[in-house]
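Everything on this sheet refers to the single structure shown next.
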Amino acid sequence: MKTHTIEYDNMPLATVEIDESKAAESIKEMVEFWMNWETNVEEHDGDYTRSWLKNLAMFILRNQRPPKDDEGWVPMDGSYGIAIKSWDAWEPDEDLISIE
């Protein structure tokens with residue numbers, strides 16, 4: 001299990017735990033669900049997890065909540081190897097997102 005911290009404007013936006021072996025296929029499917037996914041993956045040097053984490057950050061920023069029963073997203077309750085442990089609402093600016 002790996003913990004990722006998504007930051008927005010150098011402040012924590014979300015903390016996500018990912019079981020890479022369990023979540024890999026779901027992450028790939030979610031990334032490839034959206035238009036221009038090839039560009040997204042290319043911008044993250046072929047890393048689907050980083051691409052997906054950026055998509056997650058933008059979803060939270062735009063919707064002021066994490067995905068739940070939304071098209072293109074699996075449950076984030078750990079059942080697919082992904083668990084959102086914490087999140088916060090911010091006004092979106094994609095250039096201010098970083099992933100640790």
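Considering the stretch 48-65 alone, what residues qualify as being surrounded by 14 or more Cβ atoms within 10 Å (Cβ to Cβ) and out of contact with any strand residue (DSSP E or B) (no Cβ under 8 Å at 6 or more places or on another chain)? Those that are surrounded by 14 or more Cβ atoms within 10 Å (Cβ to Cβ) and out of contact with any strand residue (DSSP E or B) (no Cβ under 8 Å at 6 or more places or on another chain): 48, 51, 52, 55, 59.
Say we look at the stretch 1-57 and pick out the residues that are in contact with a helix residue (DSSP H, G or I) (Cβ under 7 Å, 6 or more places away or on another chain) and small (Gly, Ala, Ser); which of these is farthest from residue 72 (Cα to Cα)? Once the filter is applied, the top-ranked residue is 14. Checking residue 98 against (1) of a type in the set (S, T, N, Q); (2) assigned to a strand (DSSP E or B); (3) within 10 Å of the chain's Cα centre (by Cα), which single condition isn't satisfied? That leaves (3) as the condition not met. Considered as a group, the residues in the stretch 79-91 that are in a loop (DSSP other than H, G, I, E, B) and buried (at least 16 other Cβ atoms within 10 Å of the Cβ) include one that is modelled with the lowest pLDDT, and that residue is 90.
When the test is whether a residue is more than 16 Å from residue 97 (Cα to Cα) and either open to solvent by less than 70 Å² (accessible area, probe 1.4 Å) or more than 13 Å from the chain's Cα centre (by Cα) (or both), residue 22 passes it.
The values are calculated or read from the model by the stated rules, or taken from the named source; none is laboratory data. Keep in mind it's a predicted model, so treat the numbers as computed, not measured. We place every Cβ from the backbone using ideal geometry, glycine too, and count neighbours over all the protein chains shown. Remember, those area values only see protein heavy atoms, side chains included, never the ligands or the DNA or RNA. Shrake-Rupley method; radii C 1.70, N 1.55, O 1.52, S 1.80 Å.
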